[in-house]
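The values are calculated or read from the model by the stated rules, or taken from the named source; none is laboratory data. Computed from a predicted model, the values in this text were never measured in an experiment. Backbone-built Cβ (ideal geometry, glycine too); neighbour counts: all protein chains shown.
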Amino acid sequence: MAMAPDDNDQPNAEAEQAFLKQLRQTFDQMPREIPLYLFVGRGQDDVFVQACRQVVRAFRQLTSKITIKEYYLDHELAAKWGVESSPTLLIDPEHYNIRWMGAPMGEEGRSFLEAMILIGAGKSGMSEQSHAVVKQIDTPRQVKVFVSPTCPYCPQQVVNGLRAAIERPDLIALEIVDIQSRPDLADQYSAQSVPQAFANDVLIGQGAQQEEVFMSSLLKLEPQTIFIPESTAEMVEVDLLVVGGGPAGLTAGIYAERSGLKTAVIERDTLGGQVALTPVVENYPGFTQVGGKTLVDIMVTHALQYVNIFQGEQVLDITPGEPIEVNTTRRKFRTKTILLATGATHKNLGAAGEKQFSGRGVSYCATCDGPLFKGRKVFMVGGGNSAVTEALHLFNMGVSVTLVHRRDKLRAQDVLAQQLEYNGIPILWNTEVKEIKGDERVKKVVLYDNQTHETAEADADGVFIAIGYQPSVELARKIGIELNAEGYIKHDSAHRTNIPGIYSAGDVEGGYKQIVTATGQGAAAAMTIFEDMINPYWKRSKASHGMNNVAGTMPNTGLQHEATRN
Ligand SMILES: Cc1cc2nc3c(=O)[nH]c(=O)nc-3n(C[C@H](O)[C@H](O)[C@H](O)COP(=O)(O)OP(=O)(O)OC[C@H]3O[C@@H](n4cnc5c(N)ncnc54)[C@H](O)[C@@H]3O)c2cc1C
């Protein structure tokens with residue numbers, strides 16, 4: 001049965017009145033005035049100007065705390081605050097650098113209400129974790145958040161920007177740009193979907209971000225996808241400490257925690273290790289093709305469900321014993337066991353000028369630095385899978401790349417080599433880069449033909465080097481862990497090293513050096529550690545632990561993976 005319109009409308013009208021009453025009370029209790037300055041162009045009384053006026057007047061009617069002043073763009077105050085477009089709304093410009101370019105219509109009404117409440121309270125209202133991040137910003141940030149009135153996700157990103165600008169008015173300025181009112185700016189920034197956030201003209205967020213993720217993107221000036229809260233603990237006690245947050249370490253963290261071992265993963269640099277530097281991965285089961293960074297995000301998000309990750313912290317010293325004492329750059333750890341999953345790093349070429357121009361034209365990461373060389377000429381040194389993959393990646397970015405290989409045949413897989421040929425990427429065979437020359441930046445390379453023994457100079461804007469990897473075994477070496485002839489950690493088939501309680505997994509062990517093998521080794525090592533810890537064998541072997549204790553000689557515990565299965 002249809003209801004009479006009056007019956008239906010009455011509760012809504014009552015609810016609206018109650019809401020407005022509540023809003024008035026909220027504004028009345030606010031400690032601060034909220035001065036608004038609207039700037040419009042002479043004779044420019046368009047739909048955006050009218051909407052802007054309407055919205056601010058509606059708020060003004062709620063409270064005397066809001067004051068509105070309207071000026072033309074040629075007024076001296078517009079010059080003082082650098083206002084050039086109509087309509088622009090400044091919020092408390094004597095204290096904050098917050099401006100609306102366009103009108104806070106539609107969904108943006110919610111952002112505007114939030115802005116009024118935060119400014120009236122004079123507090124950003126951000127979380128403690130966000131506060132800890134924003135505190136670290138020490139240079140100015142000019143933030144632009146592109147929005148539209150019909151975007152329901154935009155207010156979340158606008159509020160992130162507002163909180164940042166209110167928390168650090170000394171360094172953070174915010175512009176909220178309505179793409180309908182300012183299509184020119186949207187075009188300039190290629191902001192074709194909203195919300196999009198830029199800081200100092202760098203894209204820091206596409207879509208609405210969790211507050212802490214937004215703040216850490218703002219701090220690092222690059223889009224972050226995951227936020228890991230910083231720990232202030234001086235001392236952390238665990239059952240297992242995993243050194244290295246690559247695929248091996250992250251997988252070990254998941255398996256160990258799921259077995260009930262209190263575990264921490266420490267990563268000195270970028271989580272994901274080498275995968276974070278990989279443009280595209282095509283051989284990890286479950287993904288036909290996945291960006292390295294995307295795969296890392298998936299792995300890290302999964303690992304964070306279980307294990308504490310300490311990022312940006314390097315393990316400096318390990319003192320074996322019971323417990324094992326560990327010093328990092330941030331704190332101390334006490335642990336019963338350690339897993340070294342420290343992986344590998346790129347090899348240096350050893351050419352003159354390589355060190356001098358590192359970061360100034362010499363690069364070891366095409367994914368990271370390639371876009372800087374678009375339309376420029378670079379040499380890629382190497383002949384294996386990494387060099388060829390990275391050369392193709394550079395080519396696809398629009399870089400003019402030539403491969404330099406010291407042999408007459410590539411070591412890379414045929415399928416990759418064929419793509420080089422297909423794309424017409426030149427290869428200099430039997431050629432070595434002997435020297436890299438330049439002034440502020442790389443300008444030339446000296447090329448040596450090892451067949452004709454001739455030397456020639458070639459112009460270059462950059463030199464990318466991908467000639468292989470060396471294991472990160474500094475820590476292992478320091479504490480007397482045995483290495484094999486190639487310099488990798490010597491281990492038994494269950495990933496035990498020669499030192500009781502210390503294990504290894506992943507590329508640092510040598511072998512196939514793939515993501516899938518590293519994750520497998522990380523899982524296997526964590527299961528060994530669990531079994532060793534609950535098995536009296538572990539205690540006994542601490543007295544006589546050595547490389548003779550291979551898995552084959554271990555007593556069968558009957559526990560084979562039982563505790564970790566599900
Ligand atoms: C360009 C490139 C492309 C690749 N492409 C593929 C591919 O397509 N498919 C594939 O399967 N594999 C690929 N690989 C190889 C693959 O990435 C590695 O095999 C894999 O990442 C090894 O994992 P890991 O955890 O053993 O070591 P890593 O990924 O090297 O991670 C080790 C981590 O330990 C950290 N660490 C080291 N010392 C310390 C310390 N003292 N304190 C704290 N942290 C420390 C490092 O910072 C690093 O993050 C590629 C590698 C590169 C470089």
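Can you tell me which residue in region 330-376 is surrounded by the most Cβ atoms within 10 Å (Cβ to Cβ), limited to those that are within 26 Å of the chain's Cα centre (by Cα) and at pLDDT 95 or above? Quick ask: steps written out before the conclusion?
Here is the first cut: in region 330-376, the residues within 26 Å of the chain's Cα centre (by Cα) are 330-333, 339-348, 357-374.
Those left that are additionally at pLDDT 95 or above: 331-333, 339-343.
Working: Arg331: 16, Lys332: 14, Phe333: 25, Leu339: 31, Leu340: 32, Ala341: 34, Thr342: 27, Gly343: 25.
Within region 330-376, the match that is surrounded by the most Cβ atoms within 10 Å (Cβ to Cβ) is Ala341.
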Practice task
Filter region 475-494 down to residues that are touching a residue at least 60 places away in the same chain (Cβ under 8 Å) and surrounded by 20 or more Cβ atoms within 10 Å (Cβ to Cβ) and give me whichever is farthest from the ligand (Cβ to nearest atom).
Solution key: Ile481
Exercise for the section: Would you please name the residue that is surrounded by the fewest Cβ atoms within 10 Å (Cβ to Cβ), looking only at residues in region 199-220 that are among the β-branched types (Val, Ile, Thr) and under 13 Å from the mean Cα position of the chain (by Cα)? Expected result: Val213
Practice task
For residues that are in contact (Cβ under 8 Å) with a residue 24 or more places away in the chain and more than 41 Å from the chain's Cα centre (by Cα), scanning just region 69-78, find the one that is surrounded by the fewest Cβ atoms within 10 Å (Cβ to Cβ).
Solution key: Asp74
Exercise for the section: Name every residue in region 311-356 that is within 14 Å of the ligand (Cβ to nearest atom), within 30 Å of Arg406 (Cβ to Cβ) and of a type in the set (Asp, Glu), in order of residue number. Expected result: none
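Which one of Leu261, Leu241 is surrounded by 15 or more Cβ atoms within 10 Å (Cβ to Cβ), of a type outside the set (D, E, K, R) and away from the ligand (no atom under 15 Å from the Cβ)? Write out each step before concluding.
Values: Leu241 fails: away from the ligand (no atom under 15 Å from the Cβ).
Being surrounded by 15 or more Cβ atoms within 10 Å (Cβ to Cβ), of a type outside the set (D, E, K, R) and away from the ligand (no atom under 15 Å from the Cβ) holds for just one of Leu261, Leu241, which is Leu261.
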Handout entry: strands (runs of 3 or more DSSP E) completely within region 79-189 that count 2 or more residues being more than 28 Å from the chain's Cα centre (by Cα)
Key = 88-91, 98-101
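Which of the residues belonging to region 498-519 are within 15 Å of the ligand (Cβ to nearest atom) and either assigned to a loop (DSSP other than H, G, I, E, B) or free of Cβ contacts under 8 Å to residues at least 40 places away in the same chain (or both)?
Quick first cut of region 498-519, residues within 15 Å of the ligand (Cβ to nearest atom) only: 502-519.
Ala505, Glu509, Gly510, Gly511, Tyr512, Lys513, Gln514, Thr517, listed by residue number.
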Exercise for the section: With respect to Gly253, determine if the residue is out of contact with any Pro (no Cβ under 8 Å at 6 or more places or on another chain), within 6 Å of the ligand (Cβ to nearest atom) and either within 23 Å of Lys332 (Cα to Cα) or of a type in the set (Phe, Trp, Tyr) (or both). Expected result: no
Practice task
Please work out which one of (1) modelled with pLDDT of 95 or more; (2) at positive phi is the condition Gly558 fails and give its number.
Solution key: (1)
Problem - Selection from region 357-367 of residues that are part of a loop (DSSP other than H, G, I, E, B) and within 16 Å of the ligand (Cβ to nearest atom) - result: Tyr364, Cys365
Exercise for the section: Output yes when any residue across region 531-542 is within 16 Å of the ligand (Cβ to nearest atom), touching a residue at least 60 places away in the same chain (Cβ under 8 Å) and either crowded, with 19+ Cβ neighbours inside 10 Å or not β-branched (Val, Ile, Thr) (or both), and no when none is. Expected result: no
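Taking into account only those residues within region 377-386 that are within 12 Å of the ligand (Cβ to nearest atom) and at pLDDT 95 or above, which is farthest from Lys347 (Cα to Cα)? Full working, then the answer.
Just the residues of region 377-386 that are within 12 Å of the ligand (Cβ to nearest atom), to begin with: 380, 382, 384-386.
From what's left, at pLDDT 95 or above: 380, 382.
Details: Met380: 14, Gly382: 11 Å.
My answer is Met380.
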Handout entry: Yes/no for Glu267 being within 16 Å of the ligand (Cβ to nearest atom) and not small (Gly, Ala, Ser)
Key = yes
